[in-house]
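What follows draws every value from the coordinates through simple rules; no lab data is involved. Since the model is a prediction, treat every value here as computed from it, not as a measurement. Don't worry about glycine lacking a Cβ; one is built from the backbone with ideal geometry, like all the others, and counts go over all protein chains shown.
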Amino acid sequence: MNQAPGEPGKKLMVFKKKETPTPSSETIPGLPWQVLIVDDDEQIHLLTREVLSGFHFEGRPVHLLSAASAQEARQILQNQPDIAVILLDVVMESSHAGLELVRFIREDLHNSLLQILLRTGQAGQFPEETVFEQHDINNFLEKADLTSRRLKTALKAGLRTYRDIRELDQMRRLEQELRQTADIANRAKSNFLNMVSHELRTPLQGTKGPFEEFKSQFHLFSGMKKLANRIESLPDAQQKQLFQADLREVRNEVVEIASQGLQSVEHLLGLIEDILDFARIEAGKLTLILLPCPVDPLVAEVLHIIEPLAAQKGLQIHYAPVTLTVQADSKRFKQILLNLLGNAIKFTSQGFVRLQIEAKEQMAHFTVADSGCGIPADKLELIFHLFEQVDNSVTRQVGGTGLGLPITRELVHKQGGTIRVQSQPGQGSQFTFTLPLVDHHLSDGCTEPLP
Ligand SMILES: Nc1ncnc2c1ncn2[C@@H]1O[C@H](COP(=O)(O)OP(=O)(O)O)[C@@H](O)[C@H]1O
Ligand SMILES: [Mg+2]
């Protein structure tokens with residue numbers, strides 16, 4: 001192996017010397033590539049340095065480091081993680097010292113970027129195929145075959161791969177950092193929404209009480225009762241009737257104002273509940289308690305809440321009672337129905353709103369149909385995304401946040417169901433969601449969760 005340097009193209013370290021002037025630092029953009037030569041033969045170090053003097057790759061020179069043994073190389077590698085290529089001998093202090101260094105680099109240092117170019121003078125002892133198969137190296141060079149041109153080509157290829165993998169690695173790290181930053185920002189947003197919503201909810205809950213009292217108890221207020229009694233005791237029947245009519249008017253006005261106030265508070269509370277749900281979904285903290293729930297009583301509760309809204313618009317909600325039981329979270333099941341029926345009423349000015357329920361293949365299918373404004377085909381998927389609304393005059397008129405359907409879809413999915421929509425613009429929409437059915441014999445009512 002220790003042949004002297006000779007003619008161009010000659011074998012083994014017969015490195016062809018090429019006179020390339022060392023570029024001045026002004027012509028070199030960037031730092032040098034770090035290349036480590038590991039060999040116990042001093043001649044190899046000298047020859048390699050000679051051949052690579054003036055070597056450049058992508059405008060950057062190489063900085064050659066030398067180790068006379070695998071042991072010395074370990075220390076250099078530990079202190080200098082930015083080495084790009086290692087030109088590594090196999091037989092040094094032991095017959096496998098080079099290959100053990102390969103294992104150390106990959107497994108102990110976890111360095112998969114470093115390009116390992118194995119240079120062996122004992123090719124027969126270490127057949128290329130076996131070495132490639134058993135060791136995580138990047139190139140196999142036989143010293144006997146190695147001209148200076150081939151060494152340079154191999155080094156270029158090694159540096160190119162190192163550059164590419166490093167770039168990919170940096171991109172992956174950047175992406176990871178960005179994702180982490182986004183996660184932190186997202187969590188901060190969810191926490192903020194959660195905190196603000198809770199802070200708003202408490203005082204709003206507090207304002208509900210007085211409005212409710214005005215609405216239902218006003219005639220029982222002591223001042224009102226006193227006034228009513230005084231009027232009652234008036235001797236003049238005609239005067240009495242007049243005052244009673246005035247008193248009714250005052251009462252009706254107060255009840256009307258209280259009703260409007262109560263409606264606004266309830267609307268705001270509904271929005272806050274939606275934002276809280278949204279924050280819970282975002283934080284992955286929306287938990288449901290799934291139990292057997294008979295459908296009919298829950299539908300009745302929902303209709304009781306929502307029928308006055310339909311009546312205000314002159315709409316009737318058609319529903320034929322069923323005797324089905326689903327596996328669901330009763331509160332969330334009612335929320336789904338309220339959202340869909342609420343939308344149906346909101347987006348229908350005349351005609352009908354219908355809730356139809358049927359059992360098919362272990363699932364209950366709930367269809368909320370209306371004869372409202374409908375949804376254009378290209379918006380049918382979009383409306384399930386956060387804050388998305390169909391941009392038309394009806395939506396602008398009735399308002400909303402675009403939170404209802406995304407939350408509804410999440411709730412349906414969390415209960416093991418699916419939801420889909422069909423619609424004909426101008427004619428109406430049908431939203432159908434499914435929930436798993438429970439065997440009647442196994443269920444006996446909507447059980448409360450065990451403590
Ligand atoms: N039954 C329906 N008929 C027509 N459009 C509907 C219906 N249900 C939902 N949409 C459309 O989907 C949008 C999103 O609904 P949703 O998420 O419940 O938000 P919001 O009701 O607050 O606007 C609505 O703004 C409306 O454009
Ligand atoms: Mg809605």
Percent relative contact order for the chain, counting Cα pairs under 8 Å at least six residues apart, stands at 10
Can you tell me the length gained on complete extension of the stretch H304 to Q170, counting 0.36 nm per residue apart and subtracting the Cα distance? 42.3 nm
Alpha-carbon centroids, the range 330-401 and the range 266-285: separation in whole Å: 19
Which order do T418, T348 fall in if you start with the one that has the fewest other Cβ atoms within 10 Å? T418, T348
Listed by chain and number, the aspartates and glutamates with an alpha carbon less than 13 angstrom from that of K143, same-chain partners under 8 positions apart left out, are D39, D41, D89, E128
Would you mind giving the average projected area, over all directions, of the Cα convex hull of the chain in nm² with one decimal? 40.2
With all distinct Cα pairs included, what does the Kirkwood hydrodynamic radius of the range 291-436 come out to in Å, to one decimal, could you say? 15.3
Multiply the residue separation of I231 and H63 by 0.36 nm, subtract the distance between their alpha-carbon atoms, and state the gained length in nm to one decimal. 49.8 nm
Exceeding 30 Å between C-alpha atoms, which entries from my cross-link table qualify? They are K334/K360; K313/K334; K208/K346; K189/K215; K215/K334. K189/K215
So for the range 30-146, what percent of the C-alpha to C-alpha distances run longer than 18 Å? 47
Give me the one-decimal nm value for the distance between modelled label points at V255 and S53, 7 Å along each residue's Cα-to-Cβ direction. 10.7
With +1 on the Cβ of every Lys and Arg and -1 on the Cβ of every Asp and Glu, and nothing else charged, how large is the dipole of the chain about its Cα centre, in debye rounded to the nearest 20? 900
Output the peptides 223-229, 423-429 sorted from most to least packed, where packing is the average of other Cβ atoms within 10 Å over each peptide's residues. 423-429, 223-229
Could you state the principal axis extents of the C-alpha atoms in the range 273-338, from the largest down, to the nearest angstrom? 40, 29, 11
When you have a sec, figure out the Kirkwood radius of the range 163-254 from all distinct Cα pair distances and drop it here in Å to one decimal? 19.2
Using the alpha-carbon atoms, what tilt in degrees (0 to 90, nearest 10) does helix 42-51 show relative to the longest principal axis of the chain? 70
In degrees, nearest 10, the alpha-carbon axis of helix 237-282 is tilted away from the dominant principal axis of the alpha carbons of the chain by 10
